[in-house]
1. Got a sec? Which of Val60, Val73 is among the hydrophobic types (A, V, I, L, M, F, W, C), within 16 Å of the chain's Cα centre (by Cα) and at pLDDT 90 or above?
2. Name the single residue, out of those in the range 27-76 being of a type in the set (D, E, K, R) and surrounded by 12 or more Cβ atoms within 10 Å (Cβ to Cβ), that is farthest from Val14 (Cα to Cα).
3. Would you check if there is a residue in the range 73-88 being among the small types (Gly, Ala, Ser), without any contact (Cβ under 8 Å) to a residue 40 or more places away in the chain and closer than 25 Å to Ala7 by Cβ?
4. Filter the range 46-77 down to the residues that are closer than 19 Å to Ile32 by Cβ, of a type in the set (Gly, Ala, Ser) and in contact with a helix residue (DSSP H, G or I) (Cβ under 8 Å, 6 or more places away or on another chain) and list them by number.
5. Determine if the range 80-91 includes at least one residue that is aliphatic (A, V, I, L, M), loosely packed, with under 11 Cβ neighbours inside 10 Å and in a helix (DSSP H, G or I).
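The values are calculated or read from the model by the stated rules, or taken from the named source; none is laboratory data. Fair warning: this is a prediction, and the values are worked out from it, not measured in the lab. Quick reminder, even Gly has a Cβ in these numbers, built from the backbone with ideal geometry, and neighbours come from all protein chains shown.
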Amino acid sequence: MTVPLGAALAMLAVGFVGVLAGRNLLKTLVGIELTSKAALVIFAATDAASQGIVVLLILVDAIVVAVVMAMAVAVYRQYDTLDLDAMGAMSW
């Protein structure tokens, strides 16, 4: 196994743990982003011709993160919490 694949698999594992164990919205978002970036690293490490596509996907992913962070700010302003369990108990 090469070094980029090993690092990507470690990032993938940390991302999954962050998603599954996180109760905070921002921690869950960071876990999702780590998982996404690990998938992109694996994609780039296995196919050298796909590096241009990976750069495009990173740019699209950055836009998605900006939108999700704006949504997290809106949720925090409305509910005064980022705890996912507390938000799940609230009624609309």
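1. Sole residue among the options that is among the hydrophobic types (A, V, I, L, M, F, W, C), within 16 Å of the chain's Cα centre (by Cα) and at pLDDT 90 or above: Val60.
2. Asp61
3. So in the range 73-88, the residues among the small types (Gly, Ala, Ser) come out as 74, 86, 88.
After this cut, where a residue has to be without any contact (Cβ under 8 Å) to a residue 40 or more places away in the chain as well, the list is 74, 86, 88.
Now narrow it down to the ones that are closer than 25 Å to Ala7 by Cβ: none.
No, every residue in the range 73-88 fails to be among the small types (Gly, Ala, Ser), without any contact (Cβ under 8 Å) to a residue 40 or more places away in the chain and closer than 25 Å to Ala7 by Cβ.
4. Selection gives Ala72 alone.
5. Within the range 80-91, one or more residues are aliphatic (A, V, I, L, M), loosely packed, with under 11 Cβ neighbours inside 10 Å and in a helix (DSSP H, G or I).
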